[in-house]
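Asks: What follows is a structure written as structure tokens; I'll ask about it next.
Please treat every number below as a calculation from the coordinates, not as lab data. All figures in this text were calculated on a predicted structure; none of them were measured in a lab. For neighbour counting, all protein chains shown are included, and Cβ atoms are generated from backbone atoms with ideal geometry for every residue, glycine included.
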Amino acid sequence: MSDTGALSRFDVIFDVEGTNKAKFRNDMKVHLRGTHAVSVELATDEGGVHGGDGTAPYPLAYFAAALNACVMTQLRAFAKRLGIAVSEFHVNTRCHWRAEQRGSAPYESAPIGFTMDIDLGDSASEADRRRLVAAAEKGCFVEASLKPGLVRHRLKVGDKWVEL
């Protein structure tokens, strides 16, 4: 079933202002821009093993939660749009990375894989559940962001931003 309605586009833009004054504590102001603008303050820290004080969640905890919550949100939103009956459901996500370090050099990280176990219950057919998961996968902004090459880095040099 395809929708032949008019194509509409919208942008989702977040700006984050981060400050680190010492150790591993990062304080951030996160701003959703646009017609439904909202701002929140978030903090991250590392545990004592890394030299932090453990005053806030690890940065990767936000990433893992964002991936899980994004897919859950799309499942709920698209179930309604697709007319697929879903009541309570569960999504469990495992994010797996590996870090390698030679001597005292900074370590390098690499993703091993991200696995999402989705239990939508049995109220809908398997075909409908598969269709719903496929739609959620395509609609999740976090999952789409995992494509290689999307993150770019710039360094401030004097008064200019230089692409790295």
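Asks: Can you name every residue in region 98-133 that is aliphatic (A, V, I, L, M), in contact (Cβ under 8 Å) with a residue 24 or more places away in the chain and in a strand (DSSP E or B)?
Replies: Within region 98-133, Met116, Ile118 qualify.
Asks: Collect the residues in region 51-79 that are touching a Phe, Trp or Tyr at 6+ places or on another chain (Cβ under 7 Å) and surrounded by 14 or more Cβ atoms within 10 Å (Cβ to Cβ), keeping them in residue-number order.
Replies: The answer is Gly52, Leu67, Cys70, Leu75.
Asks: Ok, one more. Do you know which of the residues in region 58-80 that are among the hydroxyl-bearing types (Ser, Thr, Tyr) and assigned to a helix (DSSP H, G or I) is farthest from Pro111 (Cα to Cα)?
Replies: Thr73
Asks: With the requirement that a residue be more than 25 Å from Gly54 (Cα to Cα), of a type outside the set (Val, Ile, Thr) and part of a strand (DSSP E or B), what does region 16-40 give you?
Replies: The answer is Leu32, and nothing else.
Asks: Go through region 121-130 residue by residue and tally those that are surrounded by fewer than 17 Cβ atoms within 10 Å (Cβ to Cβ) and not polar (S, T, N, Q).
Replies: The qualifying residues number 5.
Asks: Just wondering, is there one or more residues in region 99-118 that are exposed (fewer than 10 other Cβ atoms within 10 Å of the Cβ), touching an Asp or Glu at 6+ places or on another chain (Cβ under 7 Å), more than 23 Å from Ala43 (Cα to Cα) and of a type in the set (D, E, K, R)?
Replies: Yes: one or more hits.
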